[in-house]
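Peer 1: Got a structure for you, questions after.
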Amino acid sequence: MRKLIVAEHISLDGVIQSPGAPDEDPSGEFHLGGWIVPYADEAIGQDLQDLFSQPFALLLGRRTYDIFASYWPRVPADSASHAIADLFNSVPKHVATHRPAMLDWQNSHALEGALADAIRALKQQEGANLLTWGSADMVRQLLAAGLVDELRLLIYPVILGHGKRLFGDDAQVSAFTLAHTTSTPGGVLVTRYVRSGEVRTGTFEAVG
């Protein structure tokens, strides 16, 4: 069974909107796009290389798909990002969209039917793990349906105040195990959480 891995750049207050550029996703009057750029360094680059070192297929919401499709196929061969571009251009891309006829990026496929049902069917198939990046609206639906197996979070030392957040109030109650963590010189926490079952509760013994 394939795993569903969600990777996100996330602020201390849970915002994942428009991390890479001012015009990436300005919806909702979000004016802080590009908030991860000052923290880019070799340690973050190495984490991304590790993430992309295993076979994967992309699972994307429509807005993120359009952003990726307008950028990655146009990365020049001499760019430092060309290795990631080659990967993203070649791997299968599964897209949650109401406009399936407009998926022009090579190897793109529209999900059919209800989102949760379509993802469950994909996870049952043989093949590489599913990797989701960005796609805030879709990820909240995946979390509500309990379909996320692993969270790869880059946690930045900023509070953004508003913007699209990773977790909604309807996220399915779940426990995760911290499988890996490190920090960058700029103070970014690089984390990997693996789903580990139900949330346990308890009571502290009364004192006195």
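Peer 1: Straight-line reach only, C-alpha to C-alpha below 18 angstrom: list the lysines that residue 3 could link to, leaving out same-chain residues fewer than 8 apart.
Peer 2: Leaving aside lysines fewer than 8 places away in the same chain, those within reach of residue 3 are 93, 123.
Peer 1: Follow-up question, since we're still on this one. When N counts the residues of the range 1-97, how does its alpha-carbon radius of gyration compare numerically with 2.2 N^0.38 Å, as a ratio?
Peer 2: Computed over Cα atoms of the range 1-97, the ratio equals 1.13.
Peer 1: So if I take the alpha carbon set of the range 117-208, get Rg, then get Rh from the Kirkwood formula, what is the Rg over Rh ratio?
Peer 2: Computed over Cα atoms, the ratio is 1.04.
Peer 1: Among 182, 166, 57, whose Cα lies farthest out toward the positive end of the dipole of the chain, if unit charges sit on the beta carbon of Lys, Arg (+1) and Asp, Glu (-1)?
Peer 2: 57
Peer 1: Can I ask one more? With a 10 Å cut-off between alpha carbons and a GNM built on the chain, which of 76, 26, 100 moves the most?
Peer 2: Of 76, 26, 100, the Gaussian network model singles out 76 as fluctuating most.
Peer 1: Ok, one more. Where the only charges are on Cβ atoms (+1 Lys, Arg; -1 Asp, Glu), what is the dipole of the range 88-144 about its Cα centre, to the nearest 20 debye?
Peer 2: That gives the range 88-144 a dipole magnitude of about 100 debye.
Peer 1: Is it possible to state the helix-based mean residue ellipticity at 222 nm for the chain, with each DSSP H run of 4+ residues giving -39500 (n - 2.57), the sum divided by total residues, to the nearest 500 deg cm²/dmol? What is it?
Peer 2: The helix-only estimate for the chain comes to -6500 deg cm²/dmol at 222 nm.
Peer 1: Could you tell me how many cubic angstrom of Cα convex hull volume the range 54-151 has per residue?
Peer 2: 105
Peer 1: Which of the following values of percent of Cα pairs over 24 Å apart was calculated from the structure shown: (i) 40; (ii) 44; (iii) 51?
Peer 2: After the calculation, the listed value that fits is (ii).
FYI, it's all coordinate maths here, none of it is from the lab. Since this is a predicted model, take the numbers as computed values, not measurements. Note that each Cβ is placed from the backbone with ideal geometry, even for glycine, and that neighbours are counted across all protein chains shown.
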